[in-house]
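Below is one structure, written out as structure tokens; comments come after it.
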Amino acid sequence: MATFLYRIGRWAFRRRRLVGGLWLGGLLLAVVAAAAAPSGEEEDISMPGTESQKAFDLLDERFPESNSQGAEARLVFRAPDGQRVTAGKNKAAVERTLGSLDGSDQVASATDPYGTGTVSKDSTIAYSTITYTADAVDLEESAKSALEGAADRARDAGLTVEIGGSALDAEESPGGTTEIVGVAVAAVVLVLALGSLVAAGLSLLTAFVGVAIAFGLVSALAVPLGLTSTVAILALMLGLAVGIDYALFITSRYRDERARGREPEEAAGRAVGTAGSAVVFAGATVFIALVGLGVVGIPELTKMGMGGAGAVALAVLVALTLTPALFGFFGRRVLSRAVRKGGRTASAHPHAESAEAGRGGLGTRWARFVLRRPVAVLLTAGLGLGAVALPALSLELGLPGDESKSVETTQRRAYDLLSEGFGPGFNGPLTVVVDTSKSADAARATTDLVVKTVRGVDGVASVGAPVLSKSKDTAVLTAVPRTAPNSGETKNVVQAIRGAVAGVEADTGAGVYVTGTTAMNIDISEAMSDALIPYLTVVIGLAVLLLTVVFRSILVPVKAALGFLLSVGAAFGVLVAVFQWGWAADLIGIEQTGPVMSLMPILVIGIVFGLAMDYEVFLLTRMREAHVHGASPGEAVVNGFRHSGRVVAAAAIIMISVFAGFIGMSSPTIQTMGVGLAAAVAFDAFVVRMAIVPAVLALLGHRAWWLPRILTRVLPDVDIEGEKLSPHVPAPATAPDTPDAPAPRHPVGRHGHRY
């Protein structure tokens, strides 16, 4: 791999105009395709195979005139203080408001609160349910405007009116101030790490090219593939983070090779052959983990994984080809300011950049500190992460509803009014579908038995009258629980109803299904919980296998996998503390605590797995490189931190900044993703890779790199450290003899090359 990538790096450097033109053409095509494509549509999360999804499918089949998952709005009216909504003036205002919706675009029906009894006991609050002939994503702006206009007319009459339901749900925009702040922080870190505005701009430019193409492709394919705005935002988030990091790693290695006296073209080839090999491996781990999300069986999660994987693949391709091409365009300006300002050439001062990389710097001093106190560092870091991970034991999964939205939104205010007037369970009604097609003769008796059974379940506040299909073979009834949609008690109520009606199914042969948004959320959360351990097992197994191949060691992969578990556990602890317990929730605009978004744990595992392997590979590659050339275990650790510590730290800060930049968005999904990923990267990079890894390596000594002889013969040698490049790459103009490259105890490496 190293030899192949080395040739790609040299070719891209020589053919920089061709490479730059091809990427520019791809960027223009992606932008044009995105501009010409129709807007994508948001889709409800579904889980094929669950009871709630089967019920939705049955409703669509037996009630073709309605849309079981169509748009719905609830107009909630509240009378002025001291008045009743049933009073003549207020009642007339409500009726005029609802009458104005008759014949409106896409309106299927609007219930009369006075005829259906949807008025609170104290007669201060009433609501009307407006159903539409289209899904929320297909609802036209004229239909939304008519709904908002009707509410405004009721407000003019003195009533308080709020609108709940899915009709006004808006698509999340993938842009905002906080994301810009995150990118700005990344730019500052790049300048400080590289000491060159040009080098920093190069990393940002390559990342933006990859992200723009990925975002354009997602937008262009949104309609044919059913991609949502969340897919686009995830692609943007991951593309920015890994794109900047991958370019940074290759740029840093290029500058190091120039400092060793290599000519620009060969330095570019060497950088792509060594750091580029690590980029390919790291990108492949992220790609595989994201594509693997498809095994969970949730279409939306599969699309998110595919979109993110595509953005990562583009980031890898851009880093391997456009980055070396830009080296050719920018020339010496890629080097640090100190080297350029002093008028020194890289060949004349081969160690200039290497010294800049950390001779006696913070990374080297930290590595030596850990080597002196490995047990203390290991215990402190391990116990600290364990303490942060403790809240994860209370992890509860759910899907956000109107209760998680800001109190500034009309949906949240409608939710609160309905809870006040009718009880908290009113916002999460359960739909019970009774299929009597196999017992048509006793259909009515079966339906009555189901109604009686559901009413007898503890925790059910009320059960509405059943509605029959035209063919009289299916009945639908609504059960309102006493508790809020996302509460654990409501989950118990759903399970109790399903258990109670199982006896009816056995006695009558009818099919009884519990569905509705609340039941669907519960089913998805349970499915995600069930899939968490198997997915984590697959990811950990993959990590051990890949790292065994790369580092040709048994203990290094095991250590990496255990460290990954610690960082993920700590990230889950942060999610529980912030989103369930409300710690520091006000700082990021979380106004309502509740269960953690059910997609998050698996999504965080999939993404962080690959990112954790990034830092593991880039840090340990230099350690192994020193080890195979005869350095002692301690010297190898110091060498890895000397060459890669500063760059890995900068890359981690960049990635944390990009992820944290999405915390300010209004979507609970994106907020949770931003917090979880930023925390996971921080723990993994600075605690696991920077503290636990060197401490463990110090304790293991030479045993860290042990590999059974049988595996030595079986495993492929991917040569990620670029050992096989020596016959292809001419020696530098001036052989380095610097403090940052200490003479190894055993000067001859495994292939006979001197270090």
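The values are calculated or read from the model by the stated rules, or taken from the named source; none is laboratory data. The structure displayed is predicted, hence computed values, not measured ones. Neighbour counts are summed over all protein chains in view; Cβ atoms, including those assigned to glycine, are modelled from backbone coordinates with ideal geometry.
Taking Leu699, is it surrounded by fewer than 24 Cβ atoms within 10 Å (Cβ to Cβ), out of contact with any helix residue (DSSP H, G or I) (no Cβ under 6 Å at 6 or more places or on another chain), of a type in the set (A, V, I, L, M, F, W, C) and over 16 Å from Ser567 (Cα atoms)? Before you say what the answer is, go through the steps one by one.
Details: surrounded by fewer than 24 Cβ atoms within 10 Å (Cβ to Cβ): yes; out of contact with any helix residue (DSSP H, G or I) (no Cβ under 6 Å at 6 or more places or on another chain): no; of a type in the set (A, V, I, L, M, F, W, C): yes; over 16 Å from Ser567 (Cα atoms): yes.
Answer is no for this residue.
Can you tell me which residue among Leu477, Leu532, Leu545 is touching a helix residue (DSSP H, G or I) at 6+ places or on another chain (Cβ under 7 Å) and over 17 Å from Val432 (Cβ atoms)?
On the way: Leu477 fails: over 17 Å from Val432 (Cβ atoms); Leu545 fails: touching a helix residue (DSSP H, G or I) at 6+ places or on another chain (Cβ under 7 Å).
When all the criteria are applied, what remains is Leu532.
Counting only residues that are part of a helix (DSSP H, G or I) and crowded, with 23+ Cβ neighbours inside 10 Å, how many does region 427-444 have? Step through it out loud before you land on a result.
Step one: list which residues in region 427-444 are part of a helix (DSSP H, G or I), which gives 427, 440-444.
Within this subset, residues satisfying the condition of being crowded, with 23+ Cβ neighbours inside 10 Å are 427.
Qualifying residue count, region 427-444: 1.
When you go through Ala577, Ala570 one by one, which is the residue that is in the same structural domain as Gly384 (by TED's automatic domain parsing) and touching a Pro at 6+ places or on another chain (Cβ under 7 Å)? Outline the logic, then answer.
Working: Ala570 fails: touching a Pro at 6+ places or on another chain (Cβ under 7 Å).
So the residue among Ala577, Ala570 that is in the same structural domain as Gly384 (by TED's automatic domain parsing) and touching a Pro at 6+ places or on another chain (Cβ under 7 Å) is Ala577.
Here's the yes/no breakdown for (1) of a type in the set (A, V, I, L, M); (2) at positive phi; (3) buried (at least 24 other Cβ atoms within 10 Å of the Cβ):
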site	(1), (2), (3)
Leu238	yes, no, yes
Phe249	no, no, yes
Tyr254	no, no, yes
Gly261	no, yes, no
Val279	yes, no, yes
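Could we say that Ala527 is surrounded by fewer than 24 Cβ atoms within 10 Å (Cβ to Cβ), within 22 Å of the chain's Cα centre (by Cα) and at negative phi here? Let's see the steps before the verdict.
Numbers: surrounded by fewer than 24 Cβ atoms within 10 Å (Cβ to Cβ): yes; within 22 Å of the chain's Cα centre (by Cα): yes; at negative phi: yes.
Taking the combined requirement at face value, the residue satisfies it.
From the list Thr116, Thr129, exactly one residue is touching a Lys or Arg at 6+ places or on another chain (Cβ under 7 Å) and modelled with pLDDT under 90. Which is it? Outline the logic, then answer.
Values: Thr116 fails: touching a Lys or Arg at 6+ places or on another chain (Cβ under 7 Å).
One residue alone meets the criteria, Thr129.
Could you tell me whether any residue of region 582-594 is of a type outside the set (Ser, Thr, Tyr) and buried (at least 24 other Cβ atoms within 10 Å of the Cβ)? Steps first, answer last, please.
Of region 582-594, the ones of a type outside the set (Ser, Thr, Tyr) are 582-592, 594.
From what's left, buried (at least 24 other Cβ atoms within 10 Å of the Cβ): none.
For region 582-594, residues of a type outside the set (Ser, Thr, Tyr) and buried (at least 24 other Cβ atoms within 10 Å of the Cβ): absent.
Taking into account only those residues within region 539-570 that are surrounded by fewer than 24 Cβ atoms within 10 Å (Cβ to Cβ) and among the polar types (S, T, N, Q), which is nearest to the chain's Cα centre (by Cα)?
Thr548
Working only within region 376-411, note down all residues that are surrounded by fewer than 19 Cβ atoms within 10 Å (Cβ to Cβ), of a type outside the set (S, T, N, Q), outside the structural domain of Leu532 (by TED's automatic domain parsing) and assigned to a helix (DSSP H, G or I).
Selection gives nothing.
Does any residue in region 133-161 that is within 30 Å of Gly88 (Cβ to Cβ) come within less than 6 Å, Cβ to Cβ, of a residue that is of a type in the set (S, T, N, Q) six or more places away or on a different chain, and which pairs are these?
The qualifying pairs are Ala146/Ser104; Ala150/Thr97; Ala150/Ser100; Arg153/Thr97; Ala154/Thr97.
Going by the conditions given, is Glu635 more than 20 Å from Ser404 (Cβ to Cβ), at pLDDT 80 or above and surrounded by fewer than 24 Cβ atoms within 10 Å (Cβ to Cβ)? I'd like the intermediate steps shown before the answer.
Values: more than 20 Å from Ser404 (Cβ to Cβ): yes; at pLDDT 80 or above: yes; surrounded by fewer than 24 Cβ atoms within 10 Å (Cβ to Cβ): yes.
For Glu635, the condition - more than 20 Å from Ser404 (Cβ to Cβ), at pLDDT 80 or above and surrounded by fewer than 24 Cβ atoms within 10 Å (Cβ to Cβ) - is met.
Looking at (1) part of a loop (DSSP other than H, G, I, E, B); (2) among the hydroxyl-bearing types (Ser, Thr, Tyr); (3) surrounded by 14 or more Cβ atoms within 10 Å (Cβ to Cβ), which is the only condition Thr447 fails?
Going through the list (1) part of a loop (DSSP other than H, G, I, E, B); (2) among the hydroxyl-bearing types (Ser, Thr, Tyr); (3) surrounded by 14 or more Cβ atoms within 10 Å (Cβ to Cβ), Thr447 breaks only (1).
Within region 458-484, how many residues are part of a loop (DSSP other than H, G, I, E, B), among the hydroxyl-bearing types (Ser, Thr, Tyr) and over 21 Å from Ala442 (Cα atoms)? Quick ask: steps written out before the conclusion?
From region 458-484, those part of a loop (DSSP other than H, G, I, E, B) are 458-459, 464-466, 469-473, 482-484; that's our starting set.
Next, only the ones that are among the hydroxyl-bearing types (Ser, Thr, Tyr) stay: 469, 471, 483.
Add one more test, that the residue is over 21 Å from Ala442 (Cα atoms), and what stays is 483.
The total comes to 1.
Can you find a residue in region 666-683 that is surrounded by fewer than 24 Cβ atoms within 10 Å (Cβ to Cβ) and assigned to a loop (DSSP other than H, G, I, E, B)?
For region 666-683, residues surrounded by fewer than 24 Cβ atoms within 10 Å (Cβ to Cβ) and assigned to a loop (DSSP other than H, G, I, E, B): present.
Look at Pro601 and say whether it is within 23 Å of Leu301 (Cβ to Cβ) and in contact with an Asp or Glu (Cβ under 6 Å, 6 or more places away or on another chain). Write out each step before concluding.
Working: within 23 Å of Leu301 (Cβ to Cβ): yes; in contact with an Asp or Glu (Cβ under 6 Å, 6 or more places away or on another chain): no.
Taking the combined requirement at face value, the residue does not satisfy it.
In region 251-343, which helices (runs of 4 or more DSSP H) lie fully inside it and hold 2 or more residues that are β-branched (Val, Ile, Thr), at pLDDT 80 or above and out of contact with any Lys or Arg (no Cβ under 6 Å at 6 or more places or on another chain)? If you could, list the steps in order and put the result at the bottom.
Numbers: elements: 264-291, 299-330, 337-341.
Ranges flagged: 264-291, 299-330.
Out of curiosity, is Leu248 assigned by TED's automatic domain parsing to the domain that holds Gly310, modelled with pLDDT of 85 or more and not hydroxyl-bearing (Ser, Thr, Tyr)?
Details: assigned by TED's automatic domain parsing to the domain that holds Gly310: yes; modelled with pLDDT of 85 or more: yes; not hydroxyl-bearing (Ser, Thr, Tyr): yes.
Judged against the criteria, Leu248 is a match.
Please work out which residue is farthest from Ala695 (Cα to Cα), limiting yourself to region 509-564 and to residues that are among the aromatic types (Phe, Trp, Tyr) and assigned to a helix (DSSP H, G or I).
So in region 509-564, the residues among the aromatic types (Phe, Trp, Tyr) come out as 513, 535, 551, 564.
Then keep just the ones that are assigned to a helix (DSSP H, G or I); that gives 535, 551, 564.
On the way: Tyr535: 29, Phe551: 18, Phe564: 15 Å.
Residue satisfying both the conditions and the ranking: Tyr535.
Output the number of residues of region 491-512 satisfying the condition of being under 19 Å from Phe56 (Cβ atoms) and either among the aliphatic types (A, V, I, L, M) or buried (at least 24 other Cβ atoms within 10 Å of the Cβ) (or both).
5
Please count how many residues of region 684-730 are at pLDDT 90 or above and acidic (Asp, Glu).
Residues in region 684-730 being at pLDDT 90 or above and acidic (Asp, Glu): 1 in total.
List the number of the failed condition for Ile8; all other conditions in (1) touching a Ser or Thr at 6+ places or on another chain (Cβ under 8 Å); (2) at pLDDT 85 or above; (3) closer than 29 Å to Ser120 by Cβ hold.
Tallying (1) touching a Ser or Thr at 6+ places or on another chain (Cβ under 8 Å); (2) at pLDDT 85 or above; (3) closer than 29 Å to Ser120 by Cβ, Ile8 fails exactly one: (3).
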